[in-house]
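The values are calculated or read from the model by the stated rules, or taken from the named source; none is laboratory data. Note that the structure is a prediction, hence the values are computed from the model and not measured. Quick reminder, even Gly has a Cβ in these numbers, built from the backbone with ideal geometry, and neighbours come from all protein chains shown. The accessibility values were calculated without ligands, DNA or RNA, using every heavy atom of the protein model including side chains. Shrake-Rupley method; radii C 1.70, N 1.55, O 1.52, S 1.80 Å.
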Amino acid sequence: QVQLVESGGGLVQPGGSLKLSCAASGFTFSNYAMRWYRQTPGKERELVASVTSSGVNTMYPDSVKGRFTISRDNGKNMVYLQMTSLKPEDTAVYYCYATVPRGAWGQGTQVTVSS
């Protein structure tokens, strides 16, 4: 079955950087676009980055554009989210999402930006 496992979350100071990883299995990874979302308590999940199946095209909302970079390695079935210039408002649980039929979510990884 489809499985997504995120890692790399943690506590970081404002202005710092963090790189999240998502290991995918159970589907033909290179056929599907991948996304990262984040969620804070009481709010809906927010899309923060997406990448096409080939990895050529990416998309970001204005809130993270220029600070976050999504990438993928189709040989390793991995997708990454490099986050720089982190702000306290980036604090959230970050989720990996596969655009397979019916969609698939990872379990999430907590990112806390605080001094």
Margin query: With every protein chain left in place and a probe of 1.4 Å, what is the accessible surface of Lys43, to the nearest 10 Å²?
Written below: 140
Margin query: Net charge within 11 Å of Pro14 by Cβ-Cβ distance, Lys/Arg positive one each and Asp/Glu negative one each, not counting Pro14 itself?
Written below: -1
Next item on the list: Take the solvent-accessible surface of the protein heavy atoms, probe 1.4 Å, and return the percent of it on the chain that carbon and sulfur atoms account for.
Entry: 47
Checklist line | Around Ser63: net Lys/Arg minus Asp/Glu count, Cβ-Cβ under 11 Å | finding: 0
Check: Quick one: what Rg and Dmax do you get for the chain from the alpha carbons, in Å?
Finding: 13.3, 41
Check: For segment 56-115, what number results from the quotient of the Cα radius of gyration and 2.2 N^0.38 Å?
Finding: 1.24
